[in-house]
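A single structure is presented below for examination.
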Number of protein chains: 2
Amino acid sequence: MAGSATITASDVLELSEPLPLDGGQQLEGVRIAYEAYGQLNAARTNAIFVAHATTGDQHLASPHPITGKPGWWDRMVGPGKPIDTDRFYVLCANVIGGCMGSTGPSSLALDGKPYAMRFPVITVRDMVRAHVALLEALDIRTLHAIVGGSMGGMQALSLAANWPHIPERVLAIASTATMAAQNIAFQEVGRQAIMADPEWQGGDYYGTGRAPDSGLAVARMAAHITYLSEDSLTEKFGRRLQDREAKSFGFDADFEVESYLRHQGLAFTTRFDANSYLYITRAMSYFDLEEEQGGKLAEAFARTAAKFCVVSFDTDWLYPTQQSRKLVHVLSAAGAAVSFVELSAPFGHDSFLLDVPALDRVVTGFLSQ
Amino acid sequence: MAGSATITASDVLELSEPLPLDGGQQLEGVRIAYEAYGQLNAARTNAIFVAHATTGDQHLASPHPITGKPGWWDRMVGPGKPIDTDRFYVLCANVIGGCMGSTGPSSLALDGKPYAMRFPVITVRDMVRAHVALLEALDIRTLHAIVGGSMGGMQALSLAANWPHIPERVLAIASTATMAAQNIAFQEVGRQAIMADPEWQGGDYYGTGRAPDSGLAVARMAAHITYLSEDSLTEKFGRRLQDREAKSFGFDADFEVESYLRHQGLAFTTRFDANSYLYITRAMSYFDLEEEQGGKLAEAFARTAAKFCVVSFDTDWLYPTQQSRKLVHVLSAAGAAVSFVELSAPFGHDSFLLDVPALDRVVTGFLSQ
């Protein structure tokens, strides 16, 4: 999806200063596309930052400009909803490296050509550094809360560890402080699928009228399975056939689950840039908060007065409860105020995005503490 | 890996009759490549058939002709080993659809050209039908046992349900009577990765000097993750870097687990044919013994006097214990003599291939019953 950076109607901030990166480089002229909902109060103390997951974006509670679908957390964010825009000023920004308006590999570099693979490899902390610059530009010194699921949770934890005075509350859902080997492995498969596609062209596919859609679709299909629970796949599809009475004895999508996955893969290519997928998954595989803090994660968390809430789902095998529990132990060791709940929900990792009323109650309660 | 069908030194049987297939077609001139270990007794009653898994072959306990590695179950099969070749005549045949000498998509059709995608879609029962033809040709009327893990277990169950008088013992390890939606989904990703590779050329890559190695490698990488447990990946690799002191901030294989997966993907392409991968995984996704038996699986099993042993592994999330347990309930309902054990082993689905002494004891015990 080359050039999508121009399709957003979100607000865009252009940073006046270069953004330093963990890799040692600086990124010039960084643009951050964001959306805001609700009103900032006079004291500027009611802001909540929602950090998005791997393939999310700033369209938290507004229709997606390409798909036309409701915002990805529309059920959670709005007037009277758990993240209540009648009470809070809710911000969501596209991560750098992304493709929905924030600077990423599809953006133009200083030479007027897309960065492509000249874009520097970034980290989750780099994403958060850009968000902090956005908060500064908006003159927001503290956040009532930072909230995020999956990679959004990693950003929430990174903010607390590195900018301890900003968040008053940190809500990390279906997340981890350290990307595990299995997750690194699945993401490597996705990147290899993209880079194996000849249409990837070493990343220089922008403006060629071609793009590694096949590779990106395969990457998405593989990832999508990991977002769901085995039971939810069985419940949703089982072995039902797709629009046919009998198996075709061919290689069409005979089964509903096959058809569904193909659709998911294809649809993804209409809204996401393959190089962004490489960079964002790379950032996630690099995510190891303990290593980043010199092995002293508890110390890092000891610097913040934030309250923490950690949520996992019993059917999430991608970020299983044990990873959340490990995080909770570290937070407790740091003397942080932390609450932890494992919710029962059938949808696997994707539970944080779906209809789980118990999560709504946890979010509502934690934000009111 | 085009043309590998010629590289085997195994015995090859050519069937004199066409092989009828579940899809309604017949396969002419079927060749079955097999290996045999030990001596058949005078009464011809001491044969054990070992059925191989998805990407296995007949090189059960002899070095693989391409990789030079020991047979895939060398640890289990041999003199004095659990499947004791001093006592038993042990047979293993490459499945039809495969690429190690049995007739498959890389074989020549009657017109002298490789079948490629003209090869008919086969089922697990078709594979077993070919094995039964082999047994008939060898004048073996009964098997002391049929033993298999994963797809090998499916073949074992299929033999018992469809040729109830042949096996006296059926040992199904890390297997299922019905492929679940999640497994169908992962296999669809693998097939899509292959078919998305332009070098696949609609399957007609034989003799072109090109092959969909990139797609096949991606398919293998994704599948390989599913064969291992999360804990074994963490134990084996964790977040260790590959031959470097620090992250490269690039897209090389920084992590050992990335390097390992890339190697697994690449190595696989030297020994396996991409079209065979399509056909064999298709057969597996079609595997539903209950549907095949008209919803009357218990009745199917009621026709056999075989003893059954079902084994699962506690860390196998691809064929989890609940699937084995379901099978055991059906067998019990059929009045079959069935024993069931869930073994504790750290390696995930691959446990059946690896050093699990408890499995050795189960195999030894069951074959002596």
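The values are calculated or read from the model by the stated rules, or taken from the named source; none is laboratory data. Quick caveat, the model's predicted, so the values are computed rather than measured. Positions of Cβ are backbone-derived with ideal geometry, glycine not excepted, and every protein chain shown enters the neighbour counts. Ligands, DNA and RNA are stripped out before the accessible areas are found, and what is left, the full protein with its side chains, is counted by its heavy atoms. Shrake-Rupley method; radii C 1.70, N 1.55, O 1.52, S 1.80 Å.
Only one of A:Glu291, A:Glu342 is of a type in the set (D, E, K, R), over 20 Å from A:Phe49 (Cα atoms), open to solvent by 10 Å² or more (accessible area, probe 1.4 Å) and within 14 Å of chain B (Cβ to nearest Cβ). Can you tell me which?
Details: A:Glu342 fails: within 14 Å of chain B (Cβ to nearest Cβ).
On inspection, the qualifying residue turns out to be A:Glu291.
In the stretch A:98-137, how many residues are surrounded by fewer than 24 Cβ atoms within 10 Å (Cβ to Cβ), part of a loop (DSSP other than H, G, I, E, B), touching a Phe, Trp or Tyr at 6+ places or on another chain (Cβ under 9 Å) and among the aliphatic types (A, V, I, L, M)?
2
Could you give every pair whose Cβ atoms fall below 6 Å, whose first residue belongs to the stretch B:249-265 and is basic (Lys, Arg), and whose second residue is outside any helix (DSSP H, G or I), counting only separations of at least 6 or pairs across chains?
B:Arg262/B:Ala253
A follow-up question, please. Quick test for you: out of A:Leu171, A:Leu216, A:Leu157, pick the one residue that is within 28 Å of A:Glu342 (Cβ to Cβ), open to solvent by less than 10 Å² (accessible area, probe 1.4 Å) and assigned to a helix (DSSP H, G or I).
So the residue among A:Leu171, A:Leu216, A:Leu157 that is within 28 Å of A:Glu342 (Cβ to Cβ), open to solvent by less than 10 Å² (accessible area, probe 1.4 Å) and assigned to a helix (DSSP H, G or I) is A:Leu157.
I'd like to know if the stretch A:167-177 contains one or more residues that are on the phi < 0 side of the Ramachandran plot, facing chain B (nearest Cβ under 7 Å) and not aromatic (Phe, Trp, Tyr).
no
Can you tell me which residue is farthest from the chain's Cα centre (by Cα) among those in the stretch B:306-347 that are aromatic (Phe, Trp, Tyr) and under 18 Å from B:Val362 (Cα atoms)?
This residue is B:Phe340.
Further question: Report the residue count in the stretch B:294-334 for those that are within 12 Å of chain A (Cβ to nearest Cβ), hydrophobic (A, V, I, L, M, F, W, C) and open to solvent by 40 Å² or more (accessible area, probe 1.4 Å).
So the count comes out to 1.
List pairs: first residue in the stretch A:73-99 and within 30 Å of A:Pro120 (Cα to Cα), second residue among the charged types (D, E, K, R) anywhere in the structure, Cβ distance under 6 angstrom, at least six positions apart or on different chains.
What qualifies is A:Cys92/A:Glu35; A:Asn94/A:Asp57; A:Cys99/A:Asp273.
Okay, next question. Is it the case that the stretch B:275-286 has a residue that's part of a loop (DSSP other than H, G, I, E, B) and either within 30 Å of A:Asn275 (Cβ to Cβ) or within 11 Å of chain A (Cβ to nearest Cβ) (or both)?
There is at least one residue in the stretch B:275-286 that is part of a loop (DSSP other than H, G, I, E, B) and either within 30 Å of A:Asn275 (Cβ to Cβ) or within 11 Å of chain A (Cβ to nearest Cβ) (or both).
Shifting gears a bit: Among A:Phe268, A:Phe272, A:Phe251, which is under 18 Å from A:Arg191 (Cα atoms), open to solvent by less than 60 Å² (accessible area, probe 1.4 Å), outside the structural domain of A:Asp350 (by TED's automatic domain parsing) and part of a loop (DSSP other than H, G, I, E, B)?
Of the residues listed, the single one that is under 18 Å from A:Arg191 (Cα atoms), open to solvent by less than 60 Å² (accessible area, probe 1.4 Å), outside the structural domain of A:Asp350 (by TED's automatic domain parsing) and part of a loop (DSSP other than H, G, I, E, B) is A:Phe272.
Considering each residue of the stretch B:227-247, count those that are over 15 Å from A:Asp288 (Cβ atoms) and either open to solvent by less than 70 Å² (accessible area, probe 1.4 Å) or facing chain A (nearest Cβ under 7 Å) (or both), and give that number.
So the count comes out to 7.
Examine the stretch B:186-193 for a residue that is of a type outside the set (Val, Ile, Thr) and away from every other protein chain (no Cβ under 14 Å), and state whether such a residue exists. Lay out the reasoning, then the answer.
Let us first name the residues in the stretch B:186-193 that are of a type outside the set (Val, Ile, Thr), namely B:186-188, B:190-193.
Subset that is away from every other protein chain (no Cβ under 14 Å): none.
No, that holds for no residue.
What are the residues in the stretch B:107-130 that are among the charged types (D, E, K, R), under 28 Å from B:Gly148 (Cα atoms) and away from every other protein chain (no Cβ under 14 Å), if any?
Result: B:Arg129, single match.
Condition first: in contact with a helix residue (DSSP H, G or I) (Cβ under 7 Å, 6 or more places away or on another chain) and either within 17 Å of B:Ile140 (Cα to Cα) or at pLDDT below 95 (or both). Now tell me which residues in the stretch B:30-47 satisfy that.
Of everything in the stretch B:30-47, those that are in contact with a helix residue (DSSP H, G or I) (Cβ under 7 Å, 6 or more places away or on another chain) and either within 17 Å of B:Ile140 (Cα to Cα) or at pLDDT below 95 (or both) turn out to be B:Ile32, B:Tyr34.
Now, a different point. Note down all Cβ pairs under 6 Å where the first residue falls in the stretch A:266-283 and is over 15 Å from B:Phe251 (Cβ atoms), the second is among the acidic types (Asp, Glu) and open to solvent by 10 Å² or more (accessible area, probe 1.4 Å), and they're at least six residues apart or on different chains.
A:Thr269/A:Asp213
Based on this model, can you work out whether B:Arg191 counts as of a type in the set (Lys, Arg) and open to solvent by 10 Å² or more (accessible area, probe 1.4 Å)?
Taking the combined requirement at face value, the residue does not satisfy it.
Got a number for residues in the stretch A:248-263 being facing chain B (nearest Cβ under 10 Å), out of contact with any Asp or Glu (no Cβ under 6 Å at 6 or more places or on another chain) and not small (Gly, Ala, Ser)? Outline the logic, then answer.
First pass over the stretch A:248-263, keeping only residues facing chain B (nearest Cβ under 10 Å): A:248-251, A:253-262.
In the following step, the residues that additionally are out of contact with any Asp or Glu (no Cβ under 6 Å at 6 or more places or on another chain) were identified as A:249-251, A:253-257, A:259-260, A:262.
Then drop every residue that is not not small (Gly, Ala, Ser), which leaves A:249, A:251, A:254-257, A:260, A:262.
Of the residues in the stretch A:248-263, 8 are facing chain B (nearest Cβ under 10 Å), out of contact with any Asp or Glu (no Cβ under 6 Å at 6 or more places or on another chain) and not small (Gly, Ala, Ser).
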